[in-house]
Every structure is written in C-alpha cells, then in structure tokens.
Amino acid sequence: MSRPFAPGYRIEPDLLIRAYASGVFPMSESADDPEVFWVRPETRGILPLNGFHMPKSLARTIRRQRFDIRRDHDFEGVIDGCAESRPGRRRTWINGPIREAFIELFRRGTCHTVEAWHEDRLVGGLYGVSLGRAFFGESMFSRERDASKVCLAHLVEHLHERGFELLDTQFTTEHLKRFGAIDVPRARYERMLADALSGEARF
C-alpha cells in the first residue's frame, strides 16, 4: 500500500522516524522524480540474525581481509554509491528528498553505514536506520566483487553482538534469500517490530 507524499517534496526527519516505527518506509519512482510515496507491504522481508547463511566463497573472501571495513565513516559516499546506475539497474529510487532526509538522520545518529574500503577507496557499502533493537536496511552497492556481501556479513555480526533483534530488508530478492532472508506477513512483521522497539540497542 502506498500514498503520495505531500507537496513540497521534503521529508521531515521526525516524520520519517515515526514512519519506520509504524512499519512504513519511503520510496520514489526514480532519482529524477521529486515525489515520494509511503510503502507498507503486505509481506515484509527480514533477515533473521540467528539464521544468516554464510556462503563458503564469502567466508574465504572475509578471511583474506581484502577490504577495510568501517562504520559511519562516509555516509554521503555510501548513499551516492547506492544511487548509482549499474548493469541491470539503470534507475534508482533514491531521489533528492530521500537523500536529504537520510543525511539528516545520519547527523542525528539514527542512520548508519557499513563500508568496504580498498586502497583508501570506498568500493562498497550499505546504510539503514536504527530504532530500538531494529535495524532497517535501506540499500547497498558494490564497485568491487563481494564488497557489499562482506558489508552485509559484518552488519549481521555487529547487530547480533549489540543486541539487535530485527533486521528489516523491506523486500526479499533472490540475492538476499541466498543469505537467509525470508518473507513474513505484515501482521507478524508488525508484532516483531513492536517487540524490537520495546528495547534499546546501540549501533
């Protein structure tokens, strides 16, 4: 279910936080479209933190320590990377209002990144929103093979260590299902969300 965003095309950060807390998130048709709509899917993608599947090839990549993993080092670099067109995806839903709102959430300490660096270049990463014991994954990107996968594995480990209960992926894809992502009905998701928001965890 979606509803158009009000004229003016700016998302107030407090409104964005309330939306996530109620199981709603923003999207746009494309980067060039200034309008924003709100989404509350009938089924929601989650990645159970105790059910993460680590492919053997990814485990080998992590052991090689090819990437320097950083958190919250270059938020604007990460969101710009996520907004880049790439083979198989020429359009992105990260438009100006969404980018502006998430930058403000990062400044407030509510939005976070996991970043992969190689030879002092940002080559992959992901970002998302942290509320209570829930982390809402927004988007990820790679400029080098396996960079975003390593970031995802690091995120899962970090959230588990910090006492998080819910990793929301919004939707599932075949790519995410390889790592254990599943679909849950909206009612079940909202119960899980309420439970995760009832406690506190620090990213």
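What the table shows:
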read-out	value
The range 9-154 - percent of accessible surface contributed by carbon and sulfur, probe 1.4 Å	45 percent
Dipole magnitude (debye, nearest 20) for the range 126-203, charges at Cβ of Lys, Arg, Asp, Glu	100 debye
Cα-centred dipole magnitude for the chain, charges only on beta-carbon of K, R (+1) and D, E (-1), debye, nearest 20	720 debye
Sites residue 33 and residue 157 - FRET efficiency at Förster radius 35 Å, r taken between beta-carbons, to 0.05	0.45
GluC sites (Glu not before Pro) within the range 51-131: DSSP coil, no more than 12 neighbouring Cβ in 10 Å	84, 119
Where labels lie 7 Å past Cα in the beta-carbon direction, separation of residue 194 and residue 40 in nm	1.4 nm
Options [x] 18.6; [y] 16.5; [z] 17.2 - which one matches Kirkwood radius over Cα pairs in Å as calculated here	[z]
Packing-based ranking, highest mean first, of 165-176, 180-191 given that Cβ atoms within 10 Å are counted	165-176, 180-191
Listed peptides 36-49, 149-162 by packing density, highest first (mean Cβ within 10 Å)	149-162, 36-49
Top positive-direction residue, dipole computed over the chain with Cβ charges, set 169, 73, 15	169
Binned Cα-Cα distance frequencies in the range 86-203 - 10 Å width, integer %	12, 40, 39, 8, 0
Relative contact order (%) - criterion: Cα under 8 Å, at least six apart; region: the range 82-175	21 percent
Among 123, 155, 98 - extreme Cα towards positive end, dipole of the range 89-203, charges at beta-carbon	98
Ranked by how many other beta carbons lie within 10 Å on average, peptides 60-72, 124-136 from highest	124-136, 60-72
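The values are calculated or read from the model by the stated rules, or taken from the named source; none is laboratory data. Not measured: the values here are computed from a predicted model. When we count neighbours, we look across all protein chains shown, and the Cβ atoms used for this are built from the backbone with ideal geometry, even at glycine. We work out accessible area using only protein heavy atoms, side chains counted, and drop any ligands, DNA or RNA first. Shrake-Rupley method; radii C 1.70, N 1.55, O 1.52, S 1.80 Å.
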